[in-house]
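Read the structure below first, then the notes.
The values are calculated or read from the model by the stated rules, or taken from the named source; none is laboratory data. Because the structure is a prediction, the values reported are computed rather than measured. Positions of Cβ are generated from backbone atoms using ideal geometry, with glycine treated the same way; all protein chains shown enter the neighbour counts.
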C-alpha cells in the first residue's frame, strides 16, 4: 500500500510540474485553490468519522487518555483488530484528503513562484 501511495505521489508531482509549464499563473492559483477546497470537502467528513470510531474503540477498551486526539495513530496498535479494521478505511480516505490539500498548496505556491520570478 505504501508503494502505491509513493507512486501516486510521484505521478501527482509530475502532473503538477507539467501543469506549471502550460497553465498561466492565474490558472495555477485557481487550480490550487480548488484542490485545497476539494481536499477539505473530501477529507474532513471521513476524518470526523475516523476520530469518532477511534474514540469509541478507546473508550470501549478503557484506553482513553487526555489529549489522545493529538497523536491518534499511536493508539492503532492498542485497540482490537475488529475496531481497527472498521476505522482504517476512514483513516485512509481522510489522509488522501490531506494529501490533496497539500498538493493544492504546492500548486498555488508554484503559481506564486512563477508570478514572482516571471520578470
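Scan segment 92-106 for residues that are without any contact (Cβ under 8 Å) to a residue 60 or more places away in the chain and in contact with a helix residue (DSSP H, G or I) (Cβ under 7 Å, 6 or more places away or on another chain) and jot them down. Selection gives 93, 94, 96, 97, 98.
Of everything in segment 56-80 that is within 20 Å of the chain's Cα centre (by Cα) and farther than 15 Å from residue 92 by Cα, the residue that is surrounded by the most Cβ atoms within 10 Å (Cβ to Cβ) is 75. Just to be sure before I move on: is residue 89 under 19 Å from the mean Cα position of the chain (by Cα), buried (at least 16 other Cβ atoms within 10 Å of the Cβ) and free of Cβ contacts under 8 Å to residues at least 60 places away in the same chain in the structure I sent? So residue 89 fails the test. For the criterion of being within 27 Å of residue 114 (Cβ to Cβ) and in contact with a helix residue (DSSP H, G or I) (Cβ under 6 Å, 6 or more places away or on another chain), residue 11 fails.
Is it fair to say residue 101 is buried (at least 16 other Cβ atoms within 10 Å of the Cβ) and in a helix (DSSP H, G or I)? Answer is yes for this residue. If you go through segment 1-38 and keep only what is at pLDDT 90 or above and under 25 Å from residue 91 (Cα atoms), you end up with 32, 33, 34, 35, 36, 37, 38. Criterion first (touching a residue at least 60 places away in the same chain (Cβ under 8 Å), more than 18 Å from residue 116 (Cβ to Cβ) and in a helix (DSSP H, G or I)) does residue 18 satisfy it? When the stated conditions are applied, residue 18 does not pass them.
If you go through segment 28-45 one residue at a time, how many are out of contact with any helix residue (DSSP H, G or I) (no Cβ under 7 Å at 6 or more places or on another chain) and farther than 12 Å from residue 104 by Cα? Of the residues in segment 28-45, 2 are out of contact with any helix residue (DSSP H, G or I) (no Cβ under 7 Å at 6 or more places or on another chain) and farther than 12 Å from residue 104 by Cα.
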